[in-house]
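J.: Following this message is one structure expressed as structure tokens.
The values are calculated or read from the model by the stated rules, or taken from the named source; none is laboratory data. These figures come from a predicted structure and were not determined experimentally. Here the Cβ is made from the backbone with ideal geometry for all residues, glycine too, and neighbour counts use every protein chain on show. SASA here: full protein model, heavy atoms, side chains in, ligands and nucleic acids out. Shrake-Rupley method; radii C 1.70, N 1.55, O 1.52, S 1.80 Å.
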Amino acid sequence: MTTGYEAQFAPAMRLALAAAATTATGLDPGAADVPVGAVVLDEAGTVIGRAANRREADRDPTAHAELLAMRAAARHRGEWRLTGCTLVVTLEPCTMCAGAVTLARLDRLVYGAEDAKAGAVGSLWDVVRDRRLAHRPEVIGGVLAADCAALLRDFFSTRR
């Protein structure tokens, strides 16, 4: 259970989970995307970007939920700098997405489940906290982690 400061991000994580759940369905189970969802919140906590993985659907290796949500937020703001914004994502970002978080200058990254195989926010690497980078966002991990992990576990259990 998420408590304290982290608890304020639970509603946004539920929105990210809802987005993630839409990717795992479809007529062709082999073409379903890994259920990862993301939302970007502005300074007031309003959702300005929302997305789910679309790698399989778009046949695009960069169509991760985080990147798609950041692109939507940038379009909404009319600029690439997402200063003051928070990215909320159901799974710990990979190196590509962690790099994009720093390049977009997001103030905060909130994630649910850890990714022991590809996580770049502490599991395998720690890209976003690398002191050599000019921008390092606040990181909050483990928000609704059990729910986020369960969605992924259920998805992969049907494919093994």
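J.: Which of the residues spanning the stretch 118-133 are outside any loop (DSSP other than H, G, I, E, B) and within 18 Å of H64 (Cα to Cα)?
T.: Listed by number, the residues that qualify are V121, V127, V128.
J.: Any chance you could count how many residues in the stretch 47-70 are open to solvent by less than 20 Å² (accessible area, probe 1.4 Å), over 27 Å from R131 (Cβ atoms) and not hydrophobic (A, V, I, L, M, F, W, C)?
T.: Count: 2.
J.: So A74 ticks every box in (1) part of a loop (DSSP other than H, G, I, E, B); (2) more than 19 Å from V36 (Cα to Cα) but one. Which box is left unticked?
T.: (1)
J.: Does the stretch 71-86 contain at least one residue that is crowded, with 24+ Cβ neighbours inside 10 Å and of a type in the set (D, E, K, R)?
T.: No; the residues of the stretch 71-86 include none that is crowded, with 24+ Cβ neighbours inside 10 Å and of a type in the set (D, E, K, R).
J.: Taking the stated definitions as given, is L133 surrounded by fewer than 16 Cβ atoms within 10 Å (Cβ to Cβ), among the hydrophobic types (A, V, I, L, M, F, W, C) and at pLDDT below 95?
T.: Considered against the rule, which asks whether it is surrounded by fewer than 16 Cβ atoms within 10 Å (Cβ to Cβ), among the hydrophobic types (A, V, I, L, M, F, W, C) and at pLDDT below 95, L133 comes out as yes.
J.: Residues in the stretch 111-122: is at least one open to solvent by 70 Å² or more (accessible area, probe 1.4 Å) and closer than 19 Å to A16 by Cβ?
T.: There is at least one residue in the stretch 111-122 that is open to solvent by 70 Å² or more (accessible area, probe 1.4 Å) and closer than 19 Å to A16 by Cβ.
J.: On to the next question. Out of L68, L17, which single residue is under 13 Å from the mean Cα position of the chain (by Cα) and closer than 17 Å to A150 by Cβ?
T.: When all the criteria are applied, what remains is L17.
J.: Further question: Of the conditions (1) of a type outside the set (G, A, S); (2) assigned to a loop (DSSP other than H, G, I, E, B); (3) at pLDDT 95 or above, Y111 clears all except one; give me its number.
T.: Just one mismatch for Y111, condition (2).
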